[in-house]
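Structure first, then comments.
The values are calculated or read from the model by the stated rules, or taken from the named source; none is laboratory data. Note that this is a predicted model, so its numbers are computed, not measured. Ideal geometry is used to build each Cβ from the backbone, glycine not excepted, and the neighbour counts take in all protein chains shown. Ligands, DNA and RNA are excluded from the accessible area calculation, which covers all protein heavy atoms including side chains. Shrake-Rupley method; radii C 1.70, N 1.55, O 1.52, S 1.80 Å.
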Amino acid sequence: MIIEELKNRIQKQYKIYNKWAKKEDLTCFRIYHKDLPNFPLTIDWIDNNTVCWIYNRTRDDSKEKQQEFEKNVEETILVALKVNPDQLFIKTREKQKGLNNQYKKLSIESKTKIIKENNLKFEINLTDYLDIGLFLDHRKTRQYVQSISQNKRVLNLFSYTGSFTCYAIAGGALATTSVDLNKNYTKWTENNVRINEFKKRASDRIITDNVFSFLHLEQSKNRYDLIICDPPTFSNSKKMKKAFSVDNDYKQLLKLCINLLAKKGTLIFSCNSSQFKLESTSLSKQITIKNITSKTTSFDFKERNPHQCWEIKKL
């Protein structure tokens, strides 16, 4: 059954954002995010494919009702966006309980493709994980990192698939270090660096490790001019000694990052926890902090509050 209200909304939003994306030379953008109260969905246009994440609805008190809702959503999207079934990928996004759920492999279908963003290339995976390998809400953050990376030693923490790293190299970084606990993602980072045909350098390190372990060991070794820290909201990975919650553990994380900053270095810290509040007074007296969320939020994410972002500078 086609849901007319949802169909009309999707078509209206697609028309607006597709027109904007063409001007920006973008092929991936957000169309819809919980715009209508009864339809808790996120829909992204990914280079002539569509990815839809369905959130649980309290009104669907049975599995049968949830399945019926999902079927209706699928039919509606196919009609609204005029895509074929093999161009639509439906995923269920449950309440986040940690990286074991959010980042675990869901499939081995491995439907991948290379997309372009601001003259850089990234491999995205439409099937195997809950997320596709590129967080669209940080598009402008990546551009900003590129603009300030010239001749910098750059550290990318919770590096995921290395998009920030690629932007930093493209921006003229002297050296980059990318750290992520998941070996699948560090391999993905290696692939993204490779497909952009960057010159192979010993100064570009990709490390599979617990970020906290890395930060503690790095205190006596290196300093960085630019650090990007975009942690998950919550992680309960078996590879970690204890669960991580950004709301509770961010101060320890930021203090370790600030210690690794060179004089006049910059830390870009981002968080997507809806409950998060940055309390800065106990971090360090040798820093300045500026909220740059408006600067890092692009048109297709306005009023959708996908993240908060701060620029922390060491004096």
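Evaluating 6.51 cos²θ - 1.76 cosθ + 1.60 at θ = phi - 60° for every residue in the stretch 14-19, the Karplus couplings come out as 4, 4, 5, 6, 5, 4 Hz, glycine and proline recorded as x. Phi-derived couplings, Karplus 6.51 cos²θ - 1.76 cosθ + 1.60 at θ = phi - 60°, listed residue by residue for the stretch 203-216: 7, 9, 9, 10, 10, 8, 6, 5, 4, 5, 4, 4, 4, 5 Hz, with x used for Gly and Pro.
Of all beta bridges that DSSP places with both ends in the chain, some 55 percent have antiparallel geometry. Each residue of the stretch 39-89 gets 68 Å³ once the volume of the Cα convex hull is shared out per residue. For the stretch 288-293, putting each phi into the Karplus relation 6.51 cos²θ - 1.76 cosθ + 1.60 with θ = phi - 60° gives couplings of 10, 10, 10, 6, 10, 4 Hz, in residue order, rounded to whole numbers and with x for Gly and Pro.
The figure for LYS295 is an accessible area of roughly 100 square angstrom, using a 1.4 Å probe on the protein chains alone. Under 20 Å of direct C-alpha separation, and excluding same-chain neighbours fewer than eight residues apart, LYS22 reaches these lysines: LYS12, LYS82, LYS113, LYS116, LYS121, LYS140, LYS302. So, taking all protein chains as they sit and a 1.4 Å probe, how much accessible area belongs to VAL83, in Å² rounded to tens? Accessible area of VAL83: about 10 Å². Taken per residue, the accessible surface of the stretch 81-224 reaches 48 Å², heavy atoms only and a 1.4 Å probe.
Peptide packing for 186-199, 126-139, 279-292 was compared via the average number of neighbouring C-beta atoms within 10 Å per residue; ordered from the highest value, the list is 126-139, 186-199, 279-292.
Each of PHE244, THR266, PHE234 was placed along the dipole of the chain (beta-carbon charges, centred on the mean Cα), and the one lying farthest toward the positive end is THR266.
Cα centroid separation, the stretch 207-227 to the stretch 49-70: 41 Å. Given in Å, the Rg to one decimal and the Dmax to the nearest whole number for the Cα atoms of the chain are 19.9, 62.
Taking only the alpha-carbon positions of the stretch 230-315 and ignoring solvent, what does the Debye formula give for the base-10 log of I(q)/I(0) at q = 0.17, 0.22, 0.23 Å⁻¹? With no solvent term, the Cα-only Debye profile gives -0.76, -1.12, -1.17.
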